Amino acid sequence: MTGTRPIPGSASSSGHGPNPRPDSGPRSNPGYGPKPDSDSSPRTGPGFGSGSGFGNPAAPPGPRWLDPGELDAWLNLAQVLMLLPSALDRQLREDAGIPHAYYQILATLSDSPNRSMRMTELARLTGTTTTRLSHAVANLEQRGWVRRHACPTDRRGQIANLTDAGFTVLEAAAPGHVAEVRRLIFDHLNSDDVARLHAITDKIRPALTGDR
């Protein structure tokens with residue numbers, strides 16, 4: 001259909017029918033807020049409030065719905081967040097035989113003093129849980145790329161150390177990975193865009209990591 005675009009998370013993407021977006025005018029989405037030009041009567045249905053367990057958006061203090069500009073920005077960001085990890089993972093698996101999560105662990109350790117780091121800090125920097133990190137590091141240990149030993153100052157803590165073999169694997173995988181990052185992201189941005197991207201992600205990241 002000319003002039004329509006399926007919206008991620010909408011009916012068209014879930015197999016329940018099209019959700020057209022005219023080329024002119026702002027986006028609207030029942031999961032994020034009522035249409036800007038809707039009448040004064042409250043919207044009902046999933047994502048709007050009435051009957052959905054989230055209250056009536058017409059009654060204060062209702063949800064802070066996304067305005068059209070915020071909605072456009074969010075849907076673009078959400079799509080990038082869904083597509084980018086898969087693309088990076090695919091390239092590394094095909095070219096280096098390792099998933100992106102393993103690459104992140106090796107790269108983070110390589111950039112730390114003595115190529116070593118506490119497991120809790122490594123989990124924080126790689127954006128994973130300590131349980132998932134422990135499982136991944138166990139697999140890396142089996143390959144001889146990482147070693148773990150007890151923390152000398154905390155019996156409950158563990159230190160992960162990148163081995164020479166692991167560093168060699170990282171050196172071999174890095175050129176292809178960096179080329180893919182550049183192809184997908186930085187080849188489309190100028191220096192001002194990069195500076196803005198850094199500033200924006202710097203503002204968002206603390207809310208996700210808990211750093212203030």
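When both region 186-201 and region 88-164 are represented by their alpha-carbon centers, they are found 28 Å apart.
Quick one: length gained pulling D211 to L81 fully straight, 0.36 nm per residue minus the C-alpha distance?
Values: separation 130, 0.36 × 130 = 46.80 nm, distance 2.08 nm.
Gain in length upon complete extension: 44.7 nm.
Here the extension length gained between T201 and A179 equals 5.8 nm, from 0.36 nm per residue of separation less the Cα-Cα distance. The calculated FRET efficiency for the pair A172 and N114, based on their C-beta separation and a Förster distance of 25 Å, comes to about 0.70.
For a quick check: sort D72, D202 by the number of other beta carbons within 10 angstrom, fewest at the front.
Values: D72 13, D202 9.
Result, fewest neighbours first: D202, D72.
Only the coordinates and a few stated rules stand behind these numbers; no lab work does. This structure is a prediction, so every number in the text was calculated from the model and none was measured. Here the Cβ is made from the backbone with ideal geometry for all residues, glycine too, and neighbour counts use every protein chain on show.
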